[in-house]
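Structure first, commentary second.
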Amino acid sequence: MSQSDGKNVVILGASGSVGTVLVRRFAADGAHILAVARNGSGLDALAKNVAGIDILALDATQDDAPTQVFRTLSPDVLIVCGGATPPTAPIHELTWPQFSANWEGDVKMAFLFCRAALTKPLAAGSVVILISSGAALGGSPISGGYAGAKRTQMFIASYSQKEADRLDLGVRFIALAPAMIMPNTALGKLAVEKYAKYLGISVPDFVGSMKSPQTPHDVAEAVVALSKRQEGGQGSVFTVSSEGIAKVP
């Protein structure tokens, strides 16, 4: 029997490229899954292809989103995977709403759900995993506030862990950053096209310059592994690459 068998797993951003793979991976492990996304048609398609999952069409940045989600299924594993599509232009070409899109999306969602995990609180032994980005560590000059927003998700995981420990809740908080752009995802394809144009090179040359990027399946395997780890992961930041998981010092 898998360690995920029978566990309640909530996946926010479940209709996206990585979210869909996460749903399939945990379903294969025998978990009870609530797939959450704004894209109702995407969720319907997912439910037709993955038997036995529950779906909830919801904007996870709404202030009452955690209440609606936790009322539907109280998670043993909560994965915050969704977010806003970042802009793809240099800073001087952006408006403030464009620059701040990921703060109002990715950061707000992480804040709301981590706060709810602490105040509900989730049951001892639960784990919250925030999917961040390698851009948080290396920057991303044509994506506005995206890199800063994904870095803040890392801080939110750390701050939340400190509070969980102080309150003796037994809840774990982790941030996981895919190390590189994933060209086969919708967001990765957009990033590749725009960066290639920005740098004045072809898309194949840009993709060829990347060293063996991780895939959504690599991310899903890392999430599963971290969700099962009992020690050494609390409040930590990890990267996942094609070579596996690494803890960020």
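The values are calculated or read from the model by the stated rules, or taken from the named source; none is laboratory data. Not measured: the values here are computed from a predicted model. Using ideal geometry, Cβ is built from the backbone for each residue, glycine included, and neighbour counts are taken over all protein chains shown.
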- Task: Collect the residues in the range 164-182 that are free of Cβ contacts under 8 Å to residues at least 60 places away in the same chain and more than 19 Å from Val77 (Cβ to Cβ), keeping them in residue-number order.
- Result: Arg166, Leu167, Asp168, Ile181
- Query: Can you name the number of the only condition in (1) crowded, with 18+ Cβ neighbours inside 10 Å; (2) in a helix (DSSP H, G or I); (3) not polar (S, T, N, Q) that Lys48 fails?
  - Reply: (1)
- Of everything in the range 55-83 that's surrounded by fewer than 15 Cβ atoms within 10 Å (Cβ to Cβ), touching a residue at least 12 places away in the same chain (Cβ under 8 Å) and of a type in the set (Asp, Glu), which residue is farthest from Lys194 (Cα to Cα)? Asp63
- When the range 3-38 is checked residue by residue, the ones that are outside any loop (DSSP other than H, G, I, E, B) and of a type in the set (S, T, N, Q) are Asn8, Ser17, Thr20
- Can you tell which of Ala136, Ala110 is in a helix (DSSP H, G or I) and buried (at least 24 other Cβ atoms within 10 Å of the Cβ)? Ala110
- Subset of the range 157-190, residues in contact with a helix residue (DSSP H, G or I) (Cβ under 6 Å, 6 or more places away or on another chain), part of a loop (DSSP other than H, G, I, E, B) and closer than 27 Å to Val203 by Cα, comes to Ile181, Met182, Pro183, Thr185
- Item | Unmet requirement for Ile53, which otherwise passes all of (1) more than 23 Å from His217 (Cα to Cα); (2) among the β-branched types (Val, Ile, Thr); (3) over 17 Å from the mean Cα position of the chain (by Cα) | (1)
- Item | Failed item in (1) in contact (Cβ under 8 Å) with a residue 60 or more places away in the chain; (2) of a type in the set (Gly, Ala, Ser); (3) not in a loop (DSSP other than H, G, I, E, B), with Ser41 passing the rest | (1)
- Task: Filter the range 140-161 for residues that are β-branched (Val, Ile, Thr) and under 15 Å from Leu187 (Cβ atoms) and give the result.
- Result: Ile142
- Item | Residue check, Gln161 polar (S, T, N, Q), crowded, with 22+ Cβ neighbours inside 10 Å and closer than 24 Å to Pro216 by Cα | no
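Only one of these is on the phi < 0 side of the Ramachandran plot and buried (at least 20 other Cβ atoms within 10 Å of the Cβ): Pro121, Pro86. Name it.
Details: Pro121 fails: buried (at least 20 other Cβ atoms within 10 Å of the Cβ).
None of the others qualify; the one that does is Pro86.
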- Item | Extreme residue, nearest to Thr88 (Cα to Cα), among residues of the range 141-151 that are over 15 Å from the mean Cα position of the chain (by Cα) and crowded, with 21+ Cβ neighbours inside 10 Å | Ser143
- Message: Take Lys150 and tell me if it is within 21 Å of Met210 (Cβ to Cβ), at pLDDT 95 or above and among the basic types (Lys, Arg).
- Response: yes
- Task: Go through Pro249, Pro216, Pro204 for me and flag whichever is under 20 Å from Thr20 (Cα atoms) and not acidic (Asp, Glu).
- Result: Pro216
- Residues located in the range 191-201, provided they are over 26 Å from Val21 (Cα atoms), in a helix (DSSP H, G or I) and either within 17 Å of the chain's Cα centre (by Cα) or without any contact (Cβ under 8 Å) to a residue 24 or more places away in the chain (or both): Ala196, Lys197, Leu199
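Do we have Pro213 as out of contact with any strand residue (DSSP E or B) (no Cβ under 6 Å at 6 or more places or on another chain), crowded, with 17+ Cβ neighbours inside 10 Å and not in a helix (DSSP H, G or I) here?
Considered against the rule, which asks whether it is out of contact with any strand residue (DSSP E or B) (no Cβ under 6 Å at 6 or more places or on another chain), crowded, with 17+ Cβ neighbours inside 10 Å and not in a helix (DSSP H, G or I), Pro213 comes out as yes.
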